[in-house]
Every structure is written in structure tokens, then in C-alpha cells.
1. Can you tell me which residues in the range D:39-59 are in contact with a Leu (Cβ under 9 Å, 6 or more places away or on another chain), at the interface with chain B (Cβ under 10 Å from one of its Cβ atoms) and surrounded by fewer than 24 Cβ atoms within 10 Å (Cβ to Cβ)?
2. Would you confirm whether or not the range B:84-95 contains a residue that is of a type in the set (A, V, I, L, M), within 12 Å of chain D (Cβ to nearest Cβ) and either over 21 Å from residue D:51 (Cα atoms) or surrounded by fewer than 16 Cβ atoms within 10 Å (Cβ to Cβ) (or both)?
3. With the requirement that a residue be open to solvent by 10 Å² or more (accessible area, probe 1.4 Å) and more than 7 Å from chain C (Cβ to nearest Cβ), what does the range D:60-88 give you?
4. For the list (1) out of contact with any Lys or Arg (no Cβ under 9 Å at 6 or more places or on another chain); (2) part of a helix (DSSP H, G or I), I need the number of the one condition that residue C:165 fails.
5. Quick one: which residue in C:282, C:319, C:294 is modelled with pLDDT of 95 or more and surrounded by fewer than 24 Cβ atoms within 10 Å (Cβ to Cβ)?
6. Considering only the range C:1-117, give the helices (runs of 4 or more DSSP H) lying wholly within it that have at least 3 residues that are within 14 Å of chain D (Cβ to nearest Cβ), crowded, with 20+ Cβ neighbours inside 10 Å and at pLDDT 95 or above.
7. Using the structure shown, decide if residue C:59 is farther than 24 Å from residue C:228 by Cα and without any contact (Cβ under 8 Å) to a residue 60 or more places away in the chain.
8. Could you give me the residue pairs with C-beta distances under 7 Å whose first residue belongs to the range C:29-41 and is touching a residue at least 24 places away in the same chain (Cβ under 8 Å) and assigned by TED's automatic domain parsing to the domain that holds residue C:53, whose second residue is surrounded by 20 or more Cβ atoms within 10 Å (Cβ to Cβ) and aromatic (Phe, Trp, Tyr) wherever it lies, and which are 6+ apart or on separate chains?
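The values are calculated or read from the model by the stated rules, or taken from the named source; none is laboratory data. Bear in mind the structure is a predicted one, so any value in this text is a computation, not a measurement. Glycine gets a Cβ as well: all are built from the backbone with ideal geometry, and neighbour counts include every protein chain shown. Heads up: the accessible areas ignore ligands, DNA and RNA and are worked out on the full protein's heavy atoms, side chains in. Shrake-Rupley method; radii C 1.70, N 1.55, O 1.52, S 1.80 Å.
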Amino acid sequence: MLQIRWHGRGGQGAVTAARIFGLAAALYAGWHAQSFPSFGTERRGAPVTAFTRLDDRPIRDRSQIYNPDYIVVLDATLLETTNVFAGLAPGGIVLINSSRDVAGGRIPAGARLHYLDATHLAREVLEAPIVNTAMVGALAGLSGLLPVEAVTRAIADVLPEGLVNKNAAVARRAYELVGEGTGKPGAAYHDSRLV
Amino acid sequence: MLREEELKKGPNLYTPFLGTTTGSWRLLRPVLDRERCNNCLACWLFCPEGCFRRGEEAVTLNLDFCKGCGICVTECPRQALALVEEGSNDARLLER
Amino acid sequence: MRVYLNGNEAVATAVRLARAEVVAAYPITPQSTIVEKIAEYIADGSMAADYIRVESEHAALAACYGAAVTGTRVFTATSSQGLAYMFEMLHYVSGCRVPLVMAVANRGLAAPWTIWADHQDAIACRDTGWIQLYVETAQEALDTCLQAYKIAAHPEVLTPVMVCLDGYVLSHTEEIVDVPEQEAVDGFLPPYRPEYAVDPARPMVFGIGAGPELYPAFKYYQHQAMLRAQEVIEDVDGEFAALFGRSYGGLVDPYYCDGAEVILVLMGATAGTAREVVDDLRRQGEPVGFLRLRSFRPFPVAALRAALAGTRVVAVLDRDCSFGYEGVLATEVKAALQGVPGAPVVAGFTGGLGGRDIRPEDLAGIFRHCLEAVRHRNRGEGLVVSGGWQK
Amino acid sequence: MVKIKELLDNELVQGSYACAGCGGILAVRMALKVLGPETVIVTTPSCLLGVTTFYPQLAFKVPCVNVTFPSTAAAISGVVAGLRRRGKSGVKVVGLAGDGGTVDIGLQALSGAIERGDNFIFICYDNEAYMNTGVQRSGATPLGARTTTTPVGRAGRGENRPKKDMLAIVAAHNVPYAATASIGYPQDYLTKVQKAMEIEGPAYIQVLAPCPPGWGYSSHLTVKLARLAVQTGQWPLAEYERGRLTVKEVANPRPLKEYLAPQARFAHLLASK
């Protein structure tokens, strides 16, 4: 089983990201999937977590996720207040939306850390700093868990019609930037400013 | 008593269903002097039990549900109604 | 059609497919997204229903009752404090034998304030005369809502049904759900046409008063109907399986109970976690099994006895407590096994209160604790199994 | 204006177990003569429910939906919606509740139903206390009245708060129609019922319905007291329509004593010290 934890702030779309990823995996990539928000009320601006589970057999475990294999951070300022790395499984992967190295020495030993300047990417493509779909695309590419078509189709299922095209585009860009499912860094990895 | 089929469907029953006529509660009974009645319908209107029927020239009175409250007597503007003791042989009964 | 839905969306989908005609509900976490979704369906024209925006849960159930007696299929949903607020109406609706369906996104009761899952809310309504079915997955939530309409309106049942799904753990968790075709649902669930309804041409009183000479008779037949519902729940589940290929065992849902020396009994979504744990322990050669209680009312005494009679220890995990005694389910399982020759020992565990996570290791711990007791007994002492509380 | 002579002669409620001289059942009987047989009644535990729908004495000749005490208006919303879905929107839905079931425990539901704008009539038969349970005070009990929970003694002088202004509360919902009435003025009362029937949306009527045992007077005086309440200025006949409140003027008010004197609940107010 693979477990993903998404960190964001209320209103940034972490819960939607968890859902898009799970839906893409379950409907378009042959996985069994489960996704859920951190249980509770979501207040705008407050730290929020959401979760996705993938497996190649039906997922029956209903307990919370304590040791994620992947951690995705939509808002780097969360690193100042939250231990976003908590419980990361050995050899786990962390993807942070940032244009610079904000983790410093906090990353657990053995973990792999990646950055994507999704805010910049989102401003370019969406003309708004909404990063959740970019981060979904990036995780798909980085992990090699999903083909990009699964992500774009899931975006079409989940988001309102008017938002689909641009979000699919930003997810695709992010997917390409992180290396197209090779698991190896793409060109614009560390500092992903698009020119 | 209700049948099993009725009981099985819950406490929802066709109405009206009257197990008794409440006229048996009455201690006093109204008597109507048809000569005095001008069919103004005050008694018909104000009787809580609907004991009066409208007639051509005067109301008629059915005591099945009459509880003897006396409102009709109080409200009759022509003193065409009076209360007598139930079962008495009050003279007013004879006048009728 | 395979769709990715959470438990609440699955319930709303079922209500749309059931062609509910009147919905009255009041917002409460974690139920609210059920009725939000229904409101959306009505707004976008995919569901032809009246949504009554009531001012309280008490009013929600009163409005549903009013609509139901006119002969319409109705729906409401609530949680926790809202269910508690409905308490008076719960009795009224079941007493009037109104076959309405309500989803309960189970949540603990204040104080202290909580919005997270446990079963205290619905368990506290045990004696309100409602059928209570607890589901394990979003798929089952959808399927059980459809089944519930059929069970409730069965002429020998005429009893309202609560479909209980764990707050958040099911209500807000997304997974694949196979949404049946409308046509197939119409075939399973024909339009609601009760034997009688509000009609000035044939006036009736709904909810007459009854004195001591009559009241017990109505209650007797209400009780009989609830007992009869056991068979109907099983039949409807069977009929559903024949049409849709999915069955939930009707009243109880045993998992590797044959030959088990320790069987865990619980209700709701924790069942999935329990199955994982049983698989694990079985792989390790441990004689453990699991039984999910699907129908809490009517309480399936015969089915429980059949599934549990041969085992040594029954561990019951309650997400509720009858303060001053023990978990309600534990008491009820004990009572069900009373008088059975060689009946297993019942050990009550209370956990998962107010949303406390029940992890696989928690359930494995219960199994190991009980297995240990069984082995201890084998050293020649009487079998005693203590319960526990997840603090 | 309704014509008394043209009212329905048939009785749509008859044979109830109401006390002799009950003002409540009279209020309901009168109203049904205007409402007619295409009516559904929604009512709650109250004297009315107890005396008209308790087996084996079911007195209504129209459908009656009983519900819990706080819920009259909520059940009304359900009945209205259900009838609409069944294509029976011509049927009038009429809530009947006493003052307790209206101004106290039923207030929240009534507020909700009025605010939703459902098409119904709500008739509060106001006998100014909880008569069904033994004459306890309600929010509609008038100042000074003796009830079993506002007794008169060395330290108690009966109800110490004025009657709740329910008409103003209902009017504040911007209701299409609201009125007070008295069974002592049937022409006025029934014309108001007629108006309430014709208006689309919620309509509220609070009708004074004296109670012989609760108020402590002889049963033949029910209508007379309902009239004296108006004539002494104790019960204004008011109407709230299209945002305007009108109150029928009492030309030559009668002395208050005429209203109070026959009623045991006010006896302590008149007793000489």
C-alpha cells in the first residue's frame, strides 16, 4: 500500500488534491484508492491535511495514515509551524511548493526532497496562485504512479467545467517539469521558473 | 375493539368514529319554543357541539351530542330556548 | 457506473435513485454534505423533489412525517446532537408506522464537544422503534439506503430505518462506488404507494390517542413488525444481490468465524480494518474471526448465536457506552448468548470514542489479549477475559 | 364578508369529548364551516387532540394529522409539500394549536414555516393557559390571572407578566395575513378565516376561546365572555394585512369588571382587602 499526505491551508485545495489523485488512480490508472480529509472543520487559512491511499487490491483499512510514503506541501510557510515531515516512511518522498530550499536540515535522513515552484507555475497558467492541481500533476510525474492523462481526466471529473482546461494544463506542465514519471529530476526541478 | 389488521398498520384510523354519543353527559337540557324562534341562527352558530339544524322557519334541535352547556340559551336573543333539568317534567317541556 | 464518491455522496446518490419526493433536513456536521448534494440535484433538475429548509432537526423529522402521511417517499439525514434533538419525533414516526428513511452520520455526543465519529448518538436511540443498519463502505451506504426504502415500506414491517455510517471515516472518505442505473433501481424499488394517505375523500386520523386498553396492542404489533423485519432485511438483501450482484449478509456479516477461537464483533466502518487484521493473524496461524453486526435493531439473536456459538471468546468493540454498566453491544451480545450450552465468554471493549482512531494494532491487541486468555485456560484454570477501554 | 346563513350546515367536527361549553371546539367547528371538507387539519397534543382524536371517539370528518407538541407548523410544511407532490394543492392545510402550542413550544416551528412562505392557515385557539394539563400558565396568560403555576397566596398575585404579543411576532415575519378574532364575533372571525383561505402563503389567526373550567365560570357564558373581552378592551380585534395593522375600535368600552367578575381566575383582583 502507498500512502500520501497532503499539507495545505484551508482554501488552498489540499482536500481536492487528495481526491483528484485518488480518483485518477482508481478510475484511470487501475489502482484501488481511498482519499479523505483530515477529519474536522476546515477553516480558511488554518493548516489542513488530506490523505490518499493507493493499493493494487481493495483498501479496507479505515484507520488514519501515520507513516506516509509521500508528503506533498502546498504552502511552504507551513514548515514554520507544522512538522510536515512527521512519520515519513523510510525512503519516503517529499514534494514542496517553493522556489528555494526551505527545508534546510529538517528533512529526515534517507528521504528524498523535491521542490516545484508551483505558485509561479499556477500564476503563469491559471493566472491565479492556486497550486493544488499543479502539485497533483507533479506528484504523478515524480512518483510515476499515474500517467498524466489519468490526472487530467480526474481534473475534468472533479472541477467545475470552467476551470478544467487551465487546471489540466497546469497539471500537465508540472508533470512534465518533474520528469514525466521517470522519477528523475526534470530540467526545471529545483528552480522551476518558466521562461 | 380494533381488528388485528388495523392494529398492525399503526394508530391511524378512519374518522369519524364515535364510540358514544356525548348527550349522555347532560344534566340540563335545552328546550326550544318554536313559536318564539325567528330562525336567527345564533344557537346554530354558537352551539359547540353542532346540535342545531337550520330549518325553513325555525331551527331544529338534536340532543345526541348536547352536553347541556347552556350557551344556546344565553345567546338566544328572543328567549326561545330554556334549560330544564334532564329527566324532569318541567312545565316548559310541556309547552313545547 | 463506477464513480469516486465519499459516503455522504453515496447516500445522496441513493436518495436520488430512490426518487425521494420530499427531503427535509437541518445542517449538522458531518451529515451536511448529504443534503447539500441533494439540494444540488434538485437545483440542477436531476431530482424532482421538494426540499424543506427547516429550522431544526425536530422540525426536519416532523416535516418528513407530514409529507410521508400524504403518501410521498421522504428522506432526512442527521448526526449526533441533531439526532438527540429528534428524539421525541423518532418515537412518533415509528409509532405511527411511517416508513421513512434517515441517514445518520454517526458522531459522538457533547460534552465535551466533538464532531467525530462514534456510535453513541444512534445507540442512544436504540429503543425508539427504528430499524438501525450500520454500513461498512460507501458502496454499502448507497446500497443500504435503497434497501432501506424497501424494508421500511414492506407491508409487514412499516417501520422507519436509520442507515448509520461512521462520521468522517465513511461520510468524508472517497472510494470507488458502483452506481446502479436508474432503470435497475426503479425495478428494485417501485414508486411508494402506501395503503392509505391523507385524503379528504377518505378522512383519517394519523396518530390517534389510545388508552391503556388499546395502547399495548399497537406496541405489541410494532414489536412484532420489528421482529419480522429480520427476515425482510435478509430477503431484501438477497433480492438486491440477485439484481445488483452485491450482498451484505443481511443481518450479520461473518468473516472467518468457522473454527475461530476468538471472534471480534463490532459495527460500522472499522469492519474493514478488522478484516485486514484477521487476514494477518490467520496468516500467522491464529484462530481468529470477525463478525460485523449490520442490523442493530432488530437485534439478530438467532443469526448471532449461529455464528458465535462454537467459539471460545467473543470480543465486542463498542463505540458507545452505557455509563455505569458497559458498552451497549457487549451487553446485548451477552444477552443473545445467554442460555446457549457452552456459550463463549464475552469480553467488552470500548474504543473509537469521539473519533479516536482504531488502528490495526489496536484490534490485533484485542485479539492477542483474548487468545492469551484462551491459552491460559488451557493451563487448567477457568476462562476469564477482561475487557478494556481505549483512553 | 361571510354570510352566516350561507355557511355549511353540515358539521365537520362533532361528537368530541370537549367539556360542556368549550370555546376551543366551538372555534374549530366554526372555522370548518368556512374551510369546508377539502381541508387537512394538523394538530398537536392539546385539549383539541385529546377530545377529537382519542380512540374510540374520533370526531373529525376531515383528515387529521397529529404530531408532537412543538411540531404543528413543521408537520404542516411536510403536509403542504407532500400534497403538492401528489398533485393535491387544492386541499387547505390548517394548523390548530392552543396558545401553549403556538406562542411557547410551537413558536420556533411556526416561525420557520411562516418564513418559508408555505401556503397554510394556522389557527391558535387561545384559552390563555395550558388547559389540557391542568391550567398551568403559558406565555399567553394575561397579567393577574390565577393558574395552577401562578397561584394566589400571601406572596403570589397570579401571573406577573403581561401576555406575549404574538400578533406582533407573527407580523414581524412579514406574513401576508395575520389577525386576532373572538368566537364572540363570528362574523368577524369567519370573515378572517375566509380571507386567510384566499391568501396565498401563510396566514395566522389567534382566536380567543374561553375555557369554562380553566377560567372558572359557568359554561353558558363562553360566548358572552368572548364578547366581553372585546367590549372591555382586553382582546383587540386586529388585522395585519399587506404590512398594515388595523384594530377595530371599541366605541363604548364596558367596565373591565364585567369581564373579570364572572371568572374565578381573576377573583383575587376584585376581592376587597
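1. Across the range D:39-59, the qualifying residues are D:55, D:56, D:57.
2. From the range B:84-95, those of a type in the set (A, V, I, L, M) are B:84, B:91, B:93-94; that's our starting set.
Add one more test, that the residue is within 12 Å of chain D (Cβ to nearest Cβ), and what stays is none.
No, the range B:84-95 has no match at all.
3. Selection gives D:69, D:80, D:87, D:88.
4. (2)
5. Answer to the check: C:282.
6. Working: elements: C:7-17, C:32-43, C:57-69, C:80-85, C:87-95.
The helices (runs of 4 or more DSSP H) meeting that bar are C:57-69, C:87-95.
7. Taking the combined requirement at face value, the residue satisfies it.
8. Correct list of pairs: C:30/C:168.
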